[in-house]
Amino acid sequence: MARSTEIFHFKILIIGESSVGKSSLMTRFVDQTFQSTFIPTVGVDFKVRTLIVDDYQCKVQIWDTAGQERFRVITTTYYRDASGVLIVYDVTNGDTFSKVRRWIDEINKHCDETIAKVLVGNKDDSDVSSNKVVLTEDAQQYSKHMDLAFYETSARDNKNVDKAFYEVTRLALKNRLESRLIQNKNQANYSSKDNLNSKAASIRLKKNVFGGSGKKYKKDKNKNGGCCKSG
Ligand SMILES: Nc1nc2c(ncn2[C@@H]2O[C@H](COP(=O)(O)OP(=O)(O)OP(=O)(O)O)[C@@H](O)[C@H]2O)c(=O)[nH]1
Ligand SMILES: [Mg+2]
């Protein structure tokens, strides 16, 4: 059961080097399918899925882009208004892990610093063992150092795919609710100040009414210890 009828909208990006499995993760998560043939993404693609996270309805727009430089159209538009990002590498390809830092720099350059970030080591298949070159411990250590949530996934075996997407959405939702709370508090402060101002206005108004007669004004002024002096 959802906590409220409100639907929270999030734009979640998937970034990383070519062939790490970005499109496969998106397709696995949204369509529950997997394709073993490699069709590089050209430009940008996106899919939508609605999730219930902590009893809140979240409509997640997942944006997938080309890892290959020549097909890349990553511009400011791609990053604009993003609430979360999955930074993907391939556990069987060390080079894709060493490029993670570059992708994080891109995010820092284009996105709000509060953007939810999850590091994903994909292709961690059940039979990966001898092919695995990026060790879990190394990636874990790195994610701690960079303050990122971390999952090892397999789009092929459907391992941890939901977990990674749910986690990035949960973090994005947490940010959204927190900033809303701060906004509400500021608004409450502002309107209580507004109340004070309108009281002051009505005090001023009274003072003006009484101030019409110099005599009465003087009397009140003395009574209030001159508090109405500046009005
Ligand atoms: N064994 C294995 N192969 C995978 C997995 N995920 C993706 N692949 C394969 O890796 C290849 C590349 O996957 P894509 O999802 O197209 O990679 P991509 O990151 O979107 O690549 P670009 O679009 O070029 O950036 C494909 O042949 C997939 O079938 C996985 O978890 N395990
Ligand atoms: Mg792709």
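Values quoted throughout were computed directly from the atomic coordinates according to the rules given, and no laboratory measurement underlies them. Bear in mind that the values here come from a model prediction, so they are computed numbers and not experimental data. Backbone-built Cβ (ideal geometry, glycine too); neighbour counts: all protein chains shown.
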(message) Looking at the structure I just gave you, is V128 among the aliphatic types (A, V, I, L, M), within 11 Å of ligand 1 (Cβ to nearest atom) and farther than 16 Å from S23 by Cα?
(response) yes
(message) Considering only residues that are out of contact with any helix residue (DSSP H, G or I) (no Cβ under 7 Å at 6 or more places or on another chain), farther than 14 Å from I12 by Cα, in contact (Cβ under 8 Å) with a residue 60 or more places away in the chain and buried (at least 17 other Cβ atoms within 10 Å of the Cβ), which ones fall in segment 144-187?
(response) L148, R156
(message) I want to confirm something. Restricting to segment 38-66 and keeping residues that are of a type in the set (S, T, N, Q) and part of a strand (DSSP E or B), which single residue is nearest to L173 (Cα to Cα)?
(response) Q57
(request) All but one of (1) under 16 Å from S83 (Cβ atoms); (2) part of a loop (DSSP other than H, G, I, E, B); (3) free of Cβ contacts under 8 Å to residues at least 12 places away in the same chain hold for D127, so report the exception by its number. (result) (1)
(request) Specify the residue that is farthest from ligand 2 (Cβ to nearest atom); the eligible residues are those in segment 6-37 that are under 16 Å from Y89 (Cα atoms) and in a loop (DSSP other than H, G, I, E, B). (result) E17
(request) Answer with yes or no whether D64 is touching an Asp or Glu at 6+ places or on another chain (Cβ under 6 Å) and either surrounded by 22 or more Cβ atoms within 10 Å (Cβ to Cβ) or farther than 22 Å from L177 by Cβ (or both). (result) yes
(request) Determine, yes or no, whether T92 is assigned to a loop (DSSP other than H, G, I, E, B), touching a helix residue (DSSP H, G or I) at 6+ places or on another chain (Cβ under 8 Å) and closer than 30 Å to I7 by Cβ. (result) no
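Could you run through segment 101-139 and say how many residues are under 17 Å from V168 (Cα atoms) and hydrophobic (A, V, I, L, M, F, W, C)? Full working, then the answer.
Step one: of segment 101-139, the residues under 17 Å from V168 (Cα atoms) are 103-104, 107-108, 111-122.
Adding the requirement that they be hydrophobic (A, V, I, L, M, F, W, C) leaves 103-104, 107, 111, 115-116, 118-120.
Residues meeting the conditions: 9.
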(message) With the requirement that a residue be part of a helix (DSSP H, G or I) and hydroxyl-bearing (S, T, Y), what does segment 144-194 give you?
(response) Y166, T169, S179, Y190, S191, S192
(request) Could you check how many residues of segment 95-124 are hydrophobic (A, V, I, L, M, F, W, C) and in a helix (DSSP H, G or I)? (result) 5
(request) Could you check, for segment 129-143, whether at least one of its residues is out of contact with any His (no Cβ under 8 Å at 6 or more places or on another chain), buried (at least 22 other Cβ atoms within 10 Å of the Cβ) and of a type in the set (D, E)? (result) no
